[in-house]
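Asker: This is the structure I want to talk about, given as structure tokens.
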Amino acid sequence: MRGTSDMTRTVTIIGAAALPVGKWQRPAEAAEQVLEHELLAGLVLDAVSDAGVERGDIGSLAFSQCRPYTAQKYFATFMAHYLRLPCSGMVSEILGNGMTAGLAFEQAANDILLGRSRVTLALGVNFETATAAAEHMMSSMRAVGDVDFQVPFGITPIAWYAMDAARYIYEFGSSREDLAWVAVKNRRHAALNPLAQFRKPITLADVLAQPMIVDPLGLFEVPPRSDGAVCLVLAEEDVARGLGRPYVRVRSRGFFHEGAHQISEVPNDMIALVSAQTAGRAAFEAAGVTPADIDFAEIYAPCTIVEVLVSEALGLVPRGAGAGAAASGETSLGGRIPICTSGGLQSRGHPAYVTPFYSFVEAMEQLRGRAGLRQVANAELALTSAELGNYNAALVHVLEAVR
Amino acid sequence: MLTIVSVDGPRLYPPRVTAFTRRFWEGLQAGRFTTTRCEACGKWSFPPKPFCPHCWSRKVAWAELSGQGRLYAATTIHAAPAVFRGEAPYRVGIVDLWEGVRLATRIWGAASAPLDGAVRLIVLNHADGALFAAQPMPDG
């Protein structure tokens, strides 16, 4: 039965532009600065040109919020001004930990579904590298734990993932070496991605020789500090069809928040990642597909262990087999189910508030057949994920190539 | 009663105390590990709360926990936030108490801490107040 609002619209991604992930932000005392709005405006023009739409077609802007290190406040409204872009749909700026860019994507998509806008930009910039890691963690540790009952113990964001790794190794008889293969595999992928921060191939021995960061994860098994910026162009499918070029259809999405932040007082199977399981199931059901139908997945996984756990939770590999799948090549380009063909967060880099945007960029390049040397053959269906906390919430999209 | 260990210096990141949580922190300083339990559904909460997050009843009572449990997960932090840098590397872990209450805390001492091994909570009495930590127990 049709309601009063027409929910039969379909969201597509028709264009994108992204900054190579890396260190862009200059120290505050540098005589010459690299500024967020200048870079992002250039990407907007590139993305709109890539999409083949006109400036006047854009009705909404959905920004990921900037890091607190960005001097320009009210960034979204400043950018609407900087671009001189009147909008009749919505201009918004969104924050949600690591899920930030996933939520901005949802806001952009929802404006299209609600009929508020036929073309919407989902965009943002994450600058943070001018602030040292030890200082940055003074802020980030407050985002991933109870400020009064967990932060006083000095638990860092990736320490939670390290505890997942310890439990995984213990329960499944896995090892640090098994997990480290994920970093090797992802670097191989990153070597083929011009947007990746680290592209020099590495061996297992290289990964194991790095300084320990949070035991059992060394430097190459955790995300680097990164700056990045992305602009995606979303459109109602009628617009996409009229452009006469390949595009990506958002086939479905699934979301679940388990109602806990890192851990709750109720003991559970922490490494089952219930949110990823539930969001994944919802996305698969809504798309009418199974995990076996997915051609490749861009998973939000700051550490190697997280990629292993999420690929298991989503049903892409059997439980307990995720680390082995990286070692055997099953999740590599050319393997049964390539995961993180863009290089993963360890090698592509992790400008956290825009990281999910980069995953959509990779999915789009693959589904439009423009991924060059890292192209997944005959890629038709992709999966992306975004998360926050210790995967306390997950957002999963199934994307489809339309050529 | 928990074992109380005196620690030099103030806490590096002192928790904030509210009118409600004062009872927890003062009890801790005296060697008691207390939290709230729902009088309607019987479930524990940690940290202590003026309502039950499981059923939203406001009828909660303070109760003491044994402080005994097992280590569910653990890591050693080598790259630390600025305020904790002087302590790195240090160990943290997730503990499941016998009563079925999970919490995260510092792991105290140099003893090895195997997963699923027995731990007990202890009180760290600093100059400015108390924190708790988990101490691995011999014989798991």
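The values are calculated or read from the model by the stated rules, or taken from the named source; none is laboratory data. The shown structure was predicted, so the numbers you read here are calculated from the model rather than taken from an experiment. Cβ sites come from the backbone with ideal geometry, for glycine too, and all protein chains shown count toward neighbours. Accessible surface is based on the protein model in full, side chains and every heavy atom, while ligands, DNA and RNA are left aside. Shrake-Rupley method; radii C 1.70, N 1.55, O 1.52, S 1.80 Å.
Asker: Is there a simple number for the mean count of other chain Cβ atoms within 10 Å of the Cβ of residues in A:258-269, and what is it? Intermediate values should be presented prior to the final figure.
Answerer: Working: counts 0, 1, 2, 0, 2, 7, 7, 16, 10, 10, 2, 0.
Average neighbour count from other chains, rounded to a whole number: 5.
Asker: Helix-only mean residue ellipticity at 222 nm, chain B, DSSP H runs n ≥ 4 weighted -39,500 (n - 2.57), per residue, nearest 500. What is it? Walk me through the intermediate numbers first.
Answerer: Numbers: 1 runs with 8 residues, N = 140.
Using -39500 (n - 2.57) per qualifying helix, the result is -1500 deg cm²/dmol.
Asker: Can you list the residues, at least 5 places off or on another chain, whose amide H is less than 5 Å from the amide H of B:Phe132, using H built in the peptide plane?
Answerer: B:Leu124
Asker: I need the peptides A:171-183, B:31-43, A:304-316, A:76-88 ranked by packing, meaning the mean over residues of other C-beta atoms within 10 angstrom, with the highest value on top. Don't skip to the end; give the middle numbers.
Answerer: Numbers: A:171-183: 19.8, B:31-43: 17.5, A:304-316: 27.3, A:76-88: 14.9.
Packing proxy ranking, top to bottom: A:304-316, A:171-183, B:31-43, A:76-88.
Asker: Right, another one. How well do other chains shield peptide A:140-146, expressed as the mean number of their Cβ atoms within 10 Å of each residue Cβ? Before the final figure, lay out the partial values.
Answerer: Numbers: counts 1, 5, 2, 0, 0, 1, 5.
So the per-residue partner count for this stretch is 2.
Asker: May I ask for the angle, rounded to the nearest 10°, between helix A:304-313 and the longest principal axis of chain A, with both axes built from Cα atoms and the value confined to 0 to 90°?
Answerer: 70 degrees
Asker: Now for a different question. In nm, give the distance between the simple-model label positions of A:Arg403 and A:Leu39, each being 7 Å from the Cα along the Cα-to-Cβ direction.
Answerer: 3.3 nm
Asker: Relative to the first principal axis of the alpha-carbon coordinates of chain A, what is the inclination of helix A:274-287, with its axis defined by its Cα atoms, in degrees from 0 to 90 and to the nearest 10?
Answerer: So the helix axis and the longest Cα principal axis differ by about 40 degrees.
Asker: As a check on your grasp of the helix formula, calculate [θ] at 222 nm for chain A: sum -39500 (n - 2.57) over DSSP H runs of n ≥ 4, divide by the residue count, round to the nearest 500.
Answerer: On the way: 12 runs with 133 residues, N = 403.
Taken over chain A, the calculation gives -10000 deg cm²/dmol.
Asker: Counting only residues 5 or more places away or on other chains, whose amide H sits under 5 Å from the amide H of A:Gly218 once H atoms are built in the peptide plane?
Answerer: A:Ile213
Asker: Also: Give me the Kirkwood hydrodynamic radius of segment A:264-350 in Å, from all C-alpha pairs, to one decimal place?
Answerer: 13.4 Å
Asker: Ok, one more. Which of B:Gly86, B:Gly109, B:Gly27 moves most in a GNM of chain B, Cα contacts under 10 Å?
Answerer: Of the options given, B:Gly86 has the highest mean-square fluctuation.
Asker: For chain A, modelled as a Gaussian network with Cα springs under 10 Å, which listed residue fluctuates most, A:Gln346, A:Gln277, A:Gln150?
Answerer: A:Gln150
Asker: Output ³J(HN,Hα) for segment A:152-166: one whole-Hz value per residue in order, computed from phi by the Karplus curve 6.51 cos²θ - 1.76 cosθ + 1.60 with θ = phi - 60°, and x for Gly and Pro.
Answerer: Listing the rounded values in order: x, 8, x, 7, 8, x, 7, 4, 5, 5, 4, 5, 4, 5, 4 Hz.
Asker: Rounded to whole Hz and in sequence order, give me ³J(HN,Hα) for segment A:88-97 from the Karplus expression 6.51 cos²θ - 1.76 cosθ + 1.60, θ = phi - 60°, writing x for Gly and Pro.
Answerer: Calculated HN-Hα couplings, in order: 9, x, 6, 10, 9, 9, 10, 10, x, 6 Hz.
Asker: Continuing with this model, one more query. Mind jotting down the distance between the C-alpha centroids of segment A:193-233 and segment B:1-56, whole Å?
Answerer: 39 Å
Asker: Compute the acute angle (0 to 90°) between the alpha-carbon long axis of helix A:100-113 and the principal axis of greatest extent of the alpha-carbon atoms of chain A; round to the nearest 10°.
Answerer: Approximately 30 degrees, to the nearest ten.
Asker: For A:Ala321 and A:Ala377 in one chain, what is 0.36 nm times their gap in residues minus the Cα-Cα distance, to one decimal in nm? Don't jump to the answer; show the numbers that get you there.
Answerer: Working: separation 56, 0.36 × 56 = 20.16 nm, distance 2.41 nm.
This chain segment gains 17.7 nm when fully extended.
Asker: Roughly how much accessible area, to the nearest 100 Å², goes out of reach of solvent when B and A pair up, both sides summed, probe 1.4 Å? Before the final figure, lay out the partial values.
Answerer: Working: alone 8180 and 16050 Å², together 20860 Å².
Buried: approximately 3400 Å² between A and B.
Asker: Please give the average number of partner chain Cβ atoms lying within 10 Å of the Cβ of each residue in B:111-123, rounded to a whole number. Before the final figure, lay out each step's value.
Answerer: Working: counts 0, 0, 0, 1, 6, 3, 0, 0, 0, 0, 0, 0, 0.
Mean shielding by partner chains, rounded to a whole number: 1.
Asker: What is the Cα centroid distance between segment A:84-153 and segment A:319-358, reported in whole angstrom?
Answerer: A separation of 23 Å, based on Cα centres.
Asker: Another question, if that's okay. For segment A:98-194, what does the equivalent ellipsoid look like in terms of its semi-axes, each the square root of 5 times an eigenvalue of the Cα gyration tensor, given largest first in whole Å? Working shown, then result.
Answerer: Numbers: eigenvalues 205, 102, 54 Å².
Ellipsoid semi-axes (Å, largest first): 32, 23, 16.
Asker: Which log10 I(q)/I(0) values does chain A give at q = 0.06, 0.07, 0.09 Å⁻¹ under the Debye formula, counting every alpha carbon as one identical point scatterer?
Answerer: The calculated log intensity ratios at q = 0.06, 0.07, 0.09 Å⁻¹ are -0.21, -0.29, -0.49.
Asker: Taking R0 as 35 Å, what FRET efficiency do you get between A:Leu85 and A:Leu219 from their Cβ-Cβ distance, rounded to the nearest 0.05?
Answerer: On the way: r = 41 Å, r/R0 = 1.18.
For A:Leu85 and A:Leu219, the calculated efficiency is 0.25.
Asker: Along segment A:206-219, what does the Karplus equation 6.51 cos²θ - 1.76 cosθ + 1.60 (θ = phi - 60°) give for ³J(HN,Hα), rounded to whole Hz, x for Gly and Pro?
Answerer: In residue order, the calculated couplings are 4, 4, 6, 7, 6, x, 5, 9, 9, 3, x, 10, x, 3 Hz.
Asker: What does the C-alpha gyration tensor say about the overall shape of segment A:147-272? Classify as rounded when a/c is under 1.5, otherwise prolate if a/b is larger than b/c, or oblate.
Answerer: oblate
Asker: Check which residues have an amide H placed less than 5 Å from A:Ile94's amide H, if you skip close sequence neighbours.
Answerer: Those lying under 5 Å, H to H, from A:Ile94 are A:Phe63, A:Ser64, A:Gln65.
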